[in-house]
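The structure appears right after this line, and notes come after that.
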Amino acid sequence: MDNSVIIKEERLSSEEYIDFLKRTDLGSQYPKERFEQRIKKLVDNVSVSLVARNQEHKIVGVLFGLTDYAYWLYITDLGVDRAYLHQGIGSRLMKTALSVAGGEKDIAVYLIVNDKAIPFYEKLGMKKADDVMQYNHIDWTEFTVE
């Protein structure tokens, strides 16, 4: 674990977040439609915004989530710079988010996960849920932020 990486609650600009997405696998989770406009809404309005920075103040990890601070935390984004994978940053971001939202005794965590990330979440003790419903009628053109 890299203790020189500091995690803090911090708001990012959409430009900072888009630059970060280029260095992660998260950049393929968004639809192309109105991408920049919608990313601005995301970074401006998400209730949990955690940023991990290295000693040079470079963003190396981000977690965004929505919470009611009483029962639920929905993780919308969790990414780590490809150069910083397997250093415990993602686990630290999850632990910090759970604490910010209200703690593991009160808060249930949900998220939509990419198949490649399932082993990471399983290591955290998460399980696949059968009790989630979906309503999705948006246009969705796949692309990768580059």
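Kindly indicate which of 102, 125, 79 is free of Cβ contacts under 8 Å to residues at least 60 places away in the same chain, small (Gly, Ala, Ser) and buried (at least 19 other Cβ atoms within 10 Å of the Cβ).
Values: 102 fails: buried (at least 19 other Cβ atoms within 10 Å of the Cβ); 125 fails: buried (at least 19 other Cβ atoms within 10 Å of the Cβ).
On inspection, the qualifying residue turns out to be 79.
Here residue 64 passes the criteria (1) in contact (Cβ under 8 Å) with a residue 40 or more places away in the chain; (2) outside any helix (DSSP H, G or I); (3) surrounded by 19 or more Cβ atoms within 10 Å (Cβ to Cβ) except the one numbered (1).
The residue that is farthest from residue 143 (Cα to Cα), among those in segment 8-48 that are among the polar types (S, T, N, Q) and out of contact with any strand residue (DSSP E or B) (no Cβ under 6 Å at 6 or more places or on another chain), is 45. Within segment 88-98, not a single residue is more than 21 Å from residue 5 (Cα to Cα) and in contact (Cβ under 8 Å) with a residue 12 or more places away in the chain.
I'd like the full set of residues that are over 19 Å from residue 39 (Cβ atoms), of a type in the set (A, V, I, L, M, F, W, C) and within 17 Å of the chain's Cα centre (by Cα), limited to segment 61-82.
As a first pass, look at segment 61-82 and keep what is over 19 Å from residue 39 (Cβ atoms): 67-73, 82.
Remaining after also requiring of a type in the set (A, V, I, L, M, F, W, C): 70, 72-73.
Listed by number, the residues that qualify are 72, 73.
For segment 118-146, a residue qualifies if it is under 23 Å from residue 35 (Cα atoms) and of a type in the set (A, V, I, L, M), and the qualifying residues are 138, 145.
Where a number appears in this text, it was derived from the coordinates with a stated rule and is not lab data. As the structure is a computational prediction, the values presented were derived from the model and not from experiment. Neighbour counts run over all protein chains shown; Cβ positions are idealised from the backbone, glycine included.
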